[in-house]
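Just below is one structure, and these are the notes that go with it.
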Amino acid sequence: MANPFARLFPALSGRRGVIESVEARRTFRDVILPERTRRMLDDALTQVHSYNLIFRDWGLGERHPTGTALAFNFAGPSGTGKTICAEAIAHHLGKRLLLVRYAELESMWFGETPKNVAAIFRIAEEEDAVLFFDEADAIAARRSTDVSQSIQRETNTTVNVMLQELERFDGVVIFATNLAANFDPAFERRIRTHVLFELPDTEEREQIWRVQLHRRTPLGEDVDFRELAARYAVSGGDIRNAVLKAALSAAAEEGADELKRIHQRHFVGAMEEVVRAKTVMKQSVIESPERQYDSALAETRQMLLQMRTAGTIAAAAAGAALLVAAIALILALMALS
Ligand SMILES: Nc1ncnc2c1ncn2[C@@H]1O[C@H](COP(=O)(O)OP(=O)(O)OP(=O)(O)O)[C@@H](O)[C@H]1O
Ligand SMILES: [Mg+2]
């Protein structure tokens, strides 16, 4: 199929784009979810099902062509399965998934976002795709009343365009956000269901470890997923990364391929690396060079301030001492005369 985005964003074709049309392959069988998340997702699916029945099969979409889009918000931390679930919904509907990395779209084409959002809805219509706005915190956030900043003005316009498009669109739109709070009230009204994605517990992590492997993946007899799940309280995304790293290091070992196995030590080593990488990333956010520079600057300022304060106190003390000395001298002179 010709890439429809080559038309719209020619510079992006051929690499991980801001917009991607994905053939939905992953299903709900590939996702292990906490009970509460599963229930909320089931609710969303029931709505999708009824929607198809009412608006397609029963023809009500032709009678009521506006305000029929089904908009969901998938909220939760990174690596908890939001993207796979969006793909699984598209798969369930037999549609493609039109994935839009919203934060990148906004930063890449400043000034063009409202126009691009409108164009994306046209493409989703043409492709009859499920529309997925990933990293959509900015669009969901409350519109600001302070429109003096051009960035804020653009955000407000984009939210308005998004709301208009949602009014006209007759398909499924999913937003992924990391924070559930601070929704624009008008936007909130258009969202049918919020699905909260939580980090998996030990039991779920054990199942995620298993679901990340294939029946052909050769495992050593010492592999113990229960132990791995209990030892590392991480997200599904982290487990995925560790599985791939472990497989790579097992494959790179010496010896005949048929004899190679992924052992517990490979999984442990890989997971340690993933955890370490996350810690480094966290530190680099807190301790980036700019931040270090800023904090050094703040410390220097503080020191100068303290020195200045100390100087002022010393000067005041010296002044006071001088005054006392002068008074003493006058008194002595008076006593002599
Ligand atoms: N609940 C889960 N069950 C099974 N696999 C999972 C689960 N969560 C994450 N994974 C694995 O981690 C990978 C990344 O997950 P996904 O991209 O869906 O997370 P996300 O919530 O969209 O994260 P982000 O907010 O960073 O985009 C998936 O492709 C999958 O292999
Ligand atoms: Mg995602």
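The values are calculated or read from the model by the stated rules, or taken from the named source; none is laboratory data. Just so it is clear, the structure is predicted and the values come from calculations on it, not from any experiment. Positions of Cβ are generated from backbone atoms using ideal geometry, with glycine treated the same way; all protein chains shown enter the neighbour counts. These area figures cover heavy atoms from the full protein model, side chains too; ligands, DNA and RNA do not enter into them. Shrake-Rupley method; radii C 1.70, N 1.55, O 1.52, S 1.80 Å.
Some points to look at:
- Residue within segment 255-264 that is of a type in the set (Lys, Arg), modelled with pLDDT of 95 or more and surrounded by 10 or more Cβ atoms within 10 Å (Cβ to Cβ) present: yes
- When we screen Gly255, Gly220 for residues that are assigned by TED's automatic domain parsing to the domain that holds Met281, out of contact with any Cys (no Cβ under 9 Å at 6 or more places or on another chain) and at positive phi, the only hit is Gly255.
- Residue that is nearest to Ile84 (Cα to Cα), among those in segment 193-230 that are of a type in the set (Lys, Arg) and surrounded by fewer than 17 Cβ atoms within 10 Å (Cβ to Cβ): Arg210
- The listed residues are Val274, Val173, Val223, and the only one of them that is β-branched (Val, Ile, Thr) and assigned to a helix (DSSP H, G or I) turns out to be Val274.
- Qualifying residue in segment 62-69 (condition: modelled with pLDDT of 80 or more and either closer than 22 Å to Glu204 by Cα or open to solvent by 10 Å² or more (accessible area, probe 1.4 Å) (or both)): yes
- Complete set of residues in segment 95-115 that are part of a helix (DSSP H, G or I) and open to solvent by less than 10 Å² (accessible area, probe 1.4 Å): Tyr102, Leu105, Thr113
- Tyr293, sole failed condition from (1) modelled with pLDDT of 95 or more; (2) exposed (fewer than 11 other Cβ atoms within 10 Å of the Cβ); (3) of a type in the set (Phe, Trp, Tyr): (1)
- Annotation note: of Arg26, Arg56, the sole residue that is within 16 Å of ligand 2 (Cβ to nearest atom), surrounded by fewer than 19 Cβ atoms within 10 Å (Cβ to Cβ) and more than 23 Å from Ile139 (Cα to Cα) is Arg26.
- Subset of segment 175-213 [away from ligand 1 (no atom under 16 Å from the Cβ), over 20 Å from the mean Cα position of the chain (by Cα) and not charged (D, E, K, R)]: Pro185, Ala186
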